[in-house]
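Notes to accompany the following structure.
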Amino acid sequence: MDGCMCVWATEDNNTAPAVIIKVPYCGGTNIRSLFGFTPSGDFLVAGNAAGDLYVFDSFTGGKVCTLKHEKVSAPVRACAITDDCSHVLAVYGSGFVWRYEFIPPQIDFNEDKVPDDPKHEISEEES
């Protein structure tokens with residue numbers, strides 16, 4: 001209702017929602033969108049009538065990221081997220097399917113400094 005989704009923690013037998021997630025720009029439209037969860041239930045993906053996708057943390061309700069397509073402004077009809085969270089799939093309008101892929105940043109292991117050395121801090125002169 002009004003662009004809100006409620007997530008319940010079923011193991012504690014509580015009838016109140018554990019988290020209420022507000023999907024931006026969803027209230028007041030007749031557009032309905034399917035949403036998706038990871039199998040672990042850690043993340044939820046949902047879309048809106050403007051064509052935006054949002055990935056939320058299911059336990060805190062915090063927005064993890066926003067995905068927008070530059071050339072498509074149709075409503076999101078359905079969306080899904082893969083088990084490892086590396087891909088988000090969306091169906092826009094009357095059948096345009098789009099896949100977003102997370103590509104982790106590349107680490108240059110040829111540097112002189114060890115990247116995970118907690119004692120080494122990069123000064124402004126080094127960067």
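One table, with the values for the structure above:
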read-out: Solvent-accessible surface ranking, highest first, for 81, 20 at 1.4 angstrom; value: 20, 81
read-out: Pair residue 34, residue 71: separation of 7 Å Cα→Cβ label points (nm); value: 2.5 nm
read-out: Segment 46-64 residues near the modelled residue 80 label - backbone nitrogen below 19 Å, point 7 Å along Cα→Cβ; value: 46-48, 53-56
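The values are calculated or read from the model by the stated rules, or taken from the named source; none is laboratory data. The model shown is predicted, which means the values in this text are computed figures rather than measured ones. Methodologically, a virtual Cβ is constructed for each residue, glycine included, from the backbone with ideal geometry; neighbour enumeration extends over all protein chains shown. Remember, those area values only see protein heavy atoms, side chains included, never the ligands or the DNA or RNA. Shrake-Rupley method; radii C 1.70, N 1.55, O 1.52, S 1.80 Å.
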